[in-house]
Amino acid sequence: MKSQRLKSQSSSLKSNSEFHLEKDDFLEARHKGVRSWIISHMFYRSNKFLIVLFFTLMILSSYFGSFIYVIIGKAIDVFSAGQSNQVINYTFLILFIGLGSPISGLLARTFREIVAQRIERDVRREFYLSLLGKSQSFHDNQRIGDIMARATNDVRFLNFLISPALAMILDAGINLIVPIYLIGSTYRLELVLIPIIFSVIFILYLRRFLRLLTPPTVSRRIAFGYMNTVLNESLSGIEIVKSMAQEEHSVERYKDSAMSYRDAGIEQGDIQAKYLPLLLLSFTVTLGLTIAVIYNRAGVLSVGDVLGLIGLLLRLRFPVNASIRSFLMAKEAIVGGDRLLEIMNKKSEIYDADDAVSKEIEGNLKFENVSFSYPGTQNKVLKSINFEVSAGQTVAIVGTTGSGKTTLTKLISRLYDVNNGRILIDGIDVRSFSLQSLRDQIAYIEQDIFIFSDSILDNISFGRDSSEEQVISVAQEAQAHEFIKDLPDQYDTEVGERGVQLSGGERQRVAIARAFLTDPKILILDDSSSSIDSETEERIQEGIFKILRGRTTFIITHRLSQIRWADLIIVLNQGEIVNQGSHEYLLRNSKEYQKIFIKRFDKTLNELLGGE
């Protein structure tokens, strides 16, 4: 039964993510809902023992905090009666209880804080792994600022749920129950009606309060995510904002998002401001004092009993005050948890098959009647694509903007899956390969290079165990070594956010070196030399020629110097292959190919052919 359950969980993991660790202890709980998921984190492994200790010590601390009023009342009566020997006993008892309550509370807070920090750590890791496991189509439709808000603030609220919200809620519950018990067992039974009536009205109102609080809390979290998105986009596109003098427009856009967040906060605060239990508590204490004085005049209660009773009724103040803050934090944590699960529970469109293949590929590649539309759209980006490439050959893909060149290459590494047809590598459908095995043998260099805010050494090696000598070797092949050695810290130089301290050409050379280091079987160059000058490009070509040996290569470019030596040139137009062949053949027989170069070089066909 256990092995069957583990097998079912493994299958479920594969269908939910592109990347996952073999064991996910929270998978089942996530699908049951946010409360089940939070509880599973609370009682995860050794957390359960800390939670039990926390609850026990919290109950002890709260009980001592209430019981001390009864003892003080008794001590006052004994003192009034002149029984000095018993006053000393009560003094030591008060000292013991007075120390016991804060010490128990201190230990309880220590254990709860450990659990809270563990939960935040585990949830951050779980959420991050989930994001890594989502398909490219998922990330295409996400707002980075909103994802960041979920990964930071929404996760943080789960910490606050344990510490201090859960502790305050538990303390509030104890301070409703214990005074009722002590009043009934120590004083007169009918006096119990005072805190009972208060508690019933308080609980009923609290349910209504939480129901009213939900909509603005949800709106506030959504508004915060949108505000983060606006901020992220403004800072990421700061060059465009400044170059087009749109600072004022950006300020207004951010101001509008901040106003939405503020309005949701005001609505939330308005509900909290009308919190009636504060008024009800004052009425309850006043009523209790009045009745206690009447009972004292009638000789039913002593002065010490009156003081003890009022002390216990004043303990009801904590549930009232704590409920405003603690239940708000709990509500925000539940809403935040829902927002996290909304992302984590989304299934991936791309995942490993149960019998996925992991093997070294040779690089033979074949497209069979491949058609593709981006998820959520009906527009076909690629239509009935058919071609075949042998291992080690170089393929150049040309076409006008929007013809589907980049999309075609992304299908090879399964960043997206085809809608119709299939792509074969060495005669095996790419969907039959494990994603790890497939992508580990394919290197992709895009025109829009992404450089991490790290050192050049770490950017080139990027997650691969490589010696500095290996990094320098590939940097030399990519013509990057010359500019790197002139930097202040050479290969240890920090390049800033997205490589901002490097020029466009330098970033591309670092990316090319990174691709060289992976030693790929299939190499995809998407206009990778667009930001490189002609002289540097010629030197890089020498390195590329060396690394291309024995590798299948796809080049997306309009540079004639790169196209001419391709084994196969594919001409795309509006998602369809209109022609394919050698440069000379296409220049003579393909009108679409002719148009590209006649327009680009401003030469006639005869001039282009004459240049051959």
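Each value in this text was obtained by applying a stated rule to the coordinates, not by laboratory testing. The structure displayed is predicted, hence computed values, not measured ones. Using ideal geometry, Cβ is built from the backbone for each residue, glycine included, and neighbour counts are taken over all protein chains shown.
Please figure out what share of the DSSP beta bridges in the chain is antiparallel and state it in percent, rounded to the nearest 5. Each step should come with its number before you reach the end.
Values: 19 of 38 bridges.
Of those bridges, close to 50 percent are antiparallel.
Just rank Ile484, Ile169, Ile39, fewest to most, by other beta-carbon atoms within 10 angstrom.
Lowest count first: Ile39, Ile169, Ile484.
Legend: calculated FRET efficiency, Ser437 to Ser390, from the Cβ-Cβ distance at R0 = 25 Å, rounded to 0.05, equals 0.75. Here the peptides 418-424, 501-507, 208-214 are ranked by packing, the mean other Cβ count within 10 Å, and the order with the highest first is 501-507, 418-424, 208-214.
Amide H contacts of Phe433 (H built 1.01 Å from N, in plane; Pro and chain starts excluded): Val357 sit under 5 Å, all sequence-distant by 5 or more or on other chains. Positive contributions from Lys and Arg (+1) and negative ones from Asp and Glu (-1), summed over other residues with Cβ under 14 Å from the Cβ of Ile291, come out at 0. Please work out whether region 307-447 counts as rounded, prolate or oblate from its C-alpha gyration tensor, where a ≥ b ≥ c are the square roots of the eigenvalues and a/c under 1.5 means rounded, while otherwise a/b larger than b/c means prolate and anything else oblate? Note, shape of region 307-447 comes out prolate.
How big is the charge dipole of the chain about its Cα centre, in debye rounded to the nearest 20, if each Lys and Arg gets +1 on its Cβ and each Asp and Glu gets -1 on its Cβ? Walk me through the intermediate numbers first.
On the way: 69 positive and 70 negative charges, 628 e Å.
The dipole of the chain has a size of about 3020 debye.
Computed from backbone phi, the HN-Hα couplings of region 589-594 come to 10, 10, 5, 4, 5, 4 Hz, rounded to whole numbers (Karplus: 6.51 cos²θ - 1.76 cosθ + 1.60, θ = phi - 60°; Gly and Pro given as x). Within the set [x] 122, 59, 51; [y] 122, 74, 44; [z] 63, 63, 54, the number that Cα extents along the principal axes in Å takes when calculated for this structure is listed as [x].
Tell me the mean residue ellipticity at 222 nm calculated for the chain from its helices only (DSSP H runs of n ≥ 4, each -39500 (n - 2.57), averaged over every residue, nearest 500). List each step's numbers first, then the result.
On the way: 26 runs with 379 residues, N = 612.
Calculated at 222 nm, the ellipticity per residue is -20000 deg cm²/dmol.
Please list, by residue number, everything in region 301-325 whose backbone N is under 13 Å from a paramagnetic label point 7 Å out along Cα→Cβ of Leu287. It comes to no residues whatsoever.
Compare the Cα positions of Thr401, Val389, Val87 along the charge dipole of the chain (+1 at Cβ of Lys, Arg; -1 at Cβ of Asp, Glu; about the Cα centre) and return the one farthest towards the positive end. Ranked along the dipole, the leading option is Val87.
What order, most packed first, do the peptides 108-118, 155-165, 356-366 have when packing is the mean number of other Cβ atoms within 10 Å of each residue? Could the numbers behind the result be given before it?
On the way: 108-118: 19.2, 155-165: 22.5, 356-366: 16.5.
Top to bottom by mean Cβ count within 10 Å: 155-165, 108-118, 356-366.
For the pair Ser185 and Asn579, the difference between a 0.36 nm per residue extended length and the Cα-Cα distance amounts to 132.4 nm.
Annotation: the residues His31, His583, sorted from fewest to most other C-beta atoms within 10 Å of their own C-beta, follow the order His31, His583. For Glu349, nonlocal amide neighbours, meaning residues 5 or more places apart or on other chains whose placed amide H falls under 5 Å from its own, are Ser135. Amide hydrogen proximity for Val381: with H placed 1.01 Å from N in the peptide plane, the residues at 5 or more positions away or on another chain lying under 5 Å are Phe372, Ser373, Tyr374. Listed cross-link partners Lys410/Lys521; Lys405/Lys595; Lys23/Lys331; Lys366/Lys410; Lys242/Lys485; Lys521/Lys595 are compared with a 22 Å cut-off, the Cα-Cα value being larger for Lys23/Lys331; Lys242/Lys485; Lys521/Lys595. Relative to the longest principal axis of the Cα atoms of the chain, the long axis of helix 317-344 lies at roughly 20 degrees.
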